[in-house]
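The values are calculated or read from the model by the stated rules, or taken from the named source; none is laboratory data. Nothing here was measured: the structure is a model prediction, and the numbers come from that model. Because the Cβ atoms are built from the backbone with ideal geometry, glycine has one as well, and the counts that use them run over all protein chains shown.
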Amino acid sequence: MTTSFARLSDFLSTDVDWDDSEDDDTMWRVGDFASSLVRRNPSLVQERMAEISRSRSLMDELVPHSEFPHRRRDKFVLFRDPGERFVVRLHRFHPCGSTDTEYGPIHNHRYPGVTVLLRGAYQERVYTEVARDDARRTADLTLDEERVLAGGQVDVKGWRTAHQVRNVSPDQAAFTLFVRGPSLRRFSHIYDLDNGTFMDTAGAHDLARVGFLTAMMGSAAVRSRHDAMRFIGPADQWSERYDVMMRVAEGQGFPPPGTAP
């Protein structure tokens, strides 16, 4: 493991009390440490991606839990804690010109998370769930904030917070380093604001153990391989995934962090 990334994984493994991850102060400490490492070594993520792409054992371990190619946003897993306390990922939000200018779905998470903006920017809407009826699968949300997060900023999101994001640039991808904490419930939710309803996503334990595609096919939200492919895009072969990871590791589509978007 590269020296800079090893410092991050060691910090997350030994210096963070993940039993206290619901405390925003704990997650801000994670964000501050990660962002300071990126500032000191802007190539930290590229070096880790290159390391993974050269190792079949790391590819076997991490790629099944990644999501790419994806229509809106790719997720590359960089490290998984053996105890399932945390995961480190690179997120790549595609330019709106390559998808569309609409927001992605409104959703929350099973876990608290920290985002470090490496390059580019994305727009975000943040919601509060003010009422939910699990039996009827209905929910009421209020829009709390709409903002733009740009390169260098750090954001902490609790597991109860719902949001939706979009990359507003027509030709530049936005890249984020994302650290998620432990799963605090079995399901997260995707909301339909117009109809006032919600549905569960795949369970956290399924995702952690068997990988994204298999778990999605077992989810109440996804009943077939065809449905699952709507989430992750048409490519699901090793050769195609390896090619994507190599292009990212070599810097194609991943300009140096801190450069102007």
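Observations on the model:
- Exactly one residue among Ser36, Ser9 is outside any loop (DSSP other than H, G, I, E, B) and over 19 Å from the mean Cα position of the chain (by Cα), and that residue is Ser36.
- Looking only at the stretch 112-135, residues that are surrounded by fewer than 21 Cβ atoms within 10 Å (Cβ to Cβ) and within 30 Å of Phe5 (Cα to Cα) come to 3 in all.
- The number of residues in the stretch 109-154 that are outside any strand (DSSP E or B) and farther than 20 Å from Val30 by Cα comes to 5.
- Residue check, Pro95 touching a residue at least 24 places away in the same chain (Cβ under 8 Å) and in contact with a helix residue (DSSP H, G or I) (Cβ under 7 Å, 6 or more places away or on another chain): no
- Any hit, the stretch 123-142, residues being out of contact with any helix residue (DSSP H, G or I) (no Cβ under 8 Å at 6 or more places or on another chain), within 30 Å of Arg48 (Cα to Cα), in contact (Cβ under 8 Å) with a residue 12 or more places away in the chain and not hydrophobic (A, V, I, L, M, F, W, C): yes
- Here Arg71 meets the list (1) over 30 Å from Phe11 (Cα atoms); (2) part of a strand (DSSP E or B); (3) among the charged types (D, E, K, R) almost entirely, failing just condition (2).
- Set side by side, the residues Val88, Val16, Val63 differ, and just one is touching a residue at least 12 places away in the same chain (Cβ under 8 Å), in a helix (DSSP H, G or I) and at negative phi, which is Val63.
- Flag if Leu58 is of a type outside the set (Phe, Trp, Tyr) and either in contact with a Leu (Cβ under 8 Å, 6 or more places away or on another chain) or part of a strand (DSSP E or B) (or both): no
- Test: residue in the stretch 73-88 that is touching a Lys or Arg at 6+ places or on another chain (Cβ under 7 Å), within 13 Å of Gly181 (Cβ to Cβ) and crowded, with 17+ Cβ neighbours inside 10 Å: yes
- Selection count where residues are at pLDDT 90 or above, crowded, with 19+ Cβ neighbours inside 10 Å and in contact with a Gly (Cβ under 9 Å, 6 or more places away or on another chain), scope the stretch 36-72: 1
- Residues in the stretch 153-174 that are over 18 Å from Asp17 (Cα atoms) and touching a helix residue (DSSP H, G or I) at 6+ places or on another chain (Cβ under 8 Å): 8 in all.
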